[in-house]
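Report on one structure; see the data block that follows.
Bear in mind these aren't lab numbers, they're just calculated from the coordinates by the rules spelled out. All figures in this text were calculated on a predicted structure; none of them were measured in a lab. Backbone-built Cβ (ideal geometry, glycine too); neighbour counts: all protein chains shown.
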Amino acid sequence: MAAGLYIAFEGGEGSGKSTQAKILAKRIDALLTLEPGGTELGAQLRKLLLGVGEAPVGSRAETLMMAADRAQHLEELVVPALEAGRHVVSDRTAYSSLAYQGGARGLGIDAVRSVNDWAMAGRWPDVVVLLDCPAGAGPRGRRSSDRLEQEGDAFHDTVRATYLELANNEPDRFVVLEANGTIDEVSQRVWSALADRFDWTDE
Ligand code: TMP
């Protein structure tokens, strides 16, 4: 049996990626999941990482906790689904760590890449759909309901710039799409780009 495809949705706050991940997963009958928080352990880590009022978390601890969430996520959900021949659509993956911790927190892409490579035993997403928009100007605007959303404009500008740099360096893995537009317009954009790449046909 052919292994499933590991499809990542990435983007800044308010880019609409969760909505688009859901739409695509339904359309191709993929397992829909998320980071941080896709497993029982992950849900606990998510609360510690993002909850306003939780204990302080430094940048290195944040990186390692995101990587721990991911290690569990891959081992418990993602890899078994792929091996069973199911596609997986993940709302955020290790590329979020490269953009947020490597870029915006200033820890460096290479260092964060190697921690994550180990955490995932080398299983990086097959394709990354990056929904790009200026920080805070996506279809869903900016909320400030968690710790990372509360970071300032410079932080979120760096997240965006880092994503674009990553995409530029890995053109075979990334599909960069404009995040703005109606939900239907963007989902059509996502579908056309992936259908093109993987020879999917409309059923
Ligand atoms: P979201 O799931 O609502 O997008 O929120 C997750 C937040 O966590 C978002 O601000 C991005 C951040 N994040 C990181 O900083 N590093 C990571 O590796 C992941 C997966 C998320």
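Which members of the stretch 161-189 meet the condition of being buried (at least 17 other Cβ atoms within 10 Å of the Cβ), of a type in the set (A, V, I, L, M, F, W, C) and over 15 Å from the mean Cα position of the chain (by Cα)? Across the stretch 161-189, the qualifying residue is only Val186. The set of residues in the stretch 65-100 being at positive phi and either part of a helix (DSSP H, G or I) or without any contact (Cβ under 8 Å) to a residue 12 or more places away in the chain (or both) is empty.
The set of residues from the stretch 80-114 being over 16 Å from the mean Cα position of the chain (by Cα) and either crowded, with 22+ Cβ neighbours inside 10 Å or within 19 Å of Leu41 (Cα to Cα) (or both) comprises Pro80, Ala81. In this structure, Asp146 qualifies as in contact (Cβ under 8 Å) with a residue 40 or more places away in the chain, under 13 Å from Gly14 (Cβ atoms) and out of contact with any Gly (no Cβ under 6 Å at 6 or more places or on another chain).
Right, Pro134: free of Cβ contacts under 8 Å to residues at least 40 places away in the same chain and either basic (Lys, Arg) or part of a loop (DSSP other than H, G, I, E, B) (or both) or not? So Pro134 fits the description; yes.
State yes or no: is Ser192 in a loop (DSSP other than H, G, I, E, B) and small (Gly, Ala, Ser)? Spelling it out, it is not the case that Ser192 is in a loop (DSSP other than H, G, I, E, B) and small (Gly, Ala, Ser).
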